[in-house]
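Each value in this text was obtained by applying a stated rule to the coordinates, not by laboratory testing. Keep in mind that this is a model prediction, so the values were computed, not measured. Note that we place each Cβ from the backbone using ideal geometry, even for glycine, and neighbour counts take in every protein chain shown.
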Amino acid sequence: MNKKTYTIYKVIIVAAMGGTMGWSFATGYKYLPFIALIIGIGFMYILAMHKPKEMVADERDRKIAGKAASAAYQVYSITAAILGLGLKTLTKDQMMNTAGDILLYSACVLILIYLSFYSYYNRRGE
């Protein structure tokens, strides 16, 4: 089994579990989510026994991942701040005002997390 097939099987198992749980909540079956969870964990365990061997990541992969994470951080924090300010200032609806608060607070929390990890790794010398 290659890595792509392994990932597809994992997605199918998770989607089946989610669909079963959503359907059971909608129809009112109380014990079906627990059964689906146990069966899903069993299938994931069986799948983990046949996990493909992974290749060792080299320095280039780590550098690309770092650049991608930095770009995602920058795009999300700027977009969340702009959308949050727009929702807070341009709408009078209380629900949109709350959504603006959530976006602004999530951008602030993301910046605090980034700064704490930056200072941690800066002290370690990496």
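Please return the longest range in the chain lying between exposed loop sites, taking trypsin sites (Lys or Arg not before Pro), DSSP loop only, at most 12 other beta-carbon atoms within 10 Å, and leaving the sites out. Intermediate results must be reported in sequence, preceding the final value.
Numbers: sites that count: Lys30, Lys53, Lys92.
Between the exposed loop sites, the longest stretch runs 54-91.
Taking a straight Cα-Cα cut-off under 13 Å and skipping sequence neighbours fewer than 8 places away in the same chain, the aspartates and glutamates within cross-link reach of Lys88 are Asp101. Extension gain for Ile82-Met49 works out to 7.3 nm (0.36 nm per residue, less the C-alpha to C-alpha distance). For Asp93 and Lys10, a Förster radius of 30 Å and the Cβ-Cβ distance give a FRET efficiency of 0.15, rounded to the nearest 0.05.
Let me make sure I get this right: for the stretch 42-103, a, b and c are the square roots of the gyration tensor eigenvalues over alpha carbons, sorted descending. Under 1.5 in a/c it's rounded, otherwise prolate if a/b > b/c, else oblate. Which is it? Please report the intermediate quantities before stating the final value.
On the way: a/c = 8.96, a/b = 1.94, b/c = 4.62.
It is oblate, given that a/c is not under 1.5 and a/b is not larger than b/c.
Computing mean projected area of the Cα convex hull in nm² directly from the structure and comparing it against (1) 10.2; (2) 8.9; (3) 12.5 singles out (3). Once you reduce the stretch 8-27 and the stretch 38-79 to the center of their Cα atoms, the two points are 22 Å from each other.
Would the stretch 3-49 count as rounded, prolate or oblate if I go by the C-alpha gyration tensor, calling it rounded below 1.5 in a/c and otherwise prolate when a/b exceeds b/c, oblate otherwise? Could the numbers behind the result be given before it?
Details: a/c = 6.43, a/b = 2.00, b/c = 3.22.
In terms of gyration-tensor shape, oblate.
Of Tyr31, Tyr76, Tyr105, which has the largest mean-square fluctuation in a 10 Å C-alpha GNM of the chain? Largest GNM mean-square fluctuation: Tyr31.
Computed over the chain, the per-residue total of -39500 (n - 2.57) for DSSP H runs of n ≥ 4 gives a 222 nm mean residue ellipticity of -30000 deg cm²/dmol, rounded to 500.
GNM remark for the chain: springs join alpha carbons under 10 Å apart, and the peak mean-square fluctuation among Tyr29, Tyr114, Tyr73 falls on Tyr29.
Straight distance only, please: which lysines reach the Cα of Lys63 with their own Cα at less than 29 Å, same-chain residues fewer than 8 apart left out? Cross-link targets: Lys3, Lys4, Lys10, Lys51, Lys53. As a calculated quantity, the FRET efficiency between Lys3 and Leu115 at R0 = 41 Å, using C-beta atoms, amounts to about 0.75.
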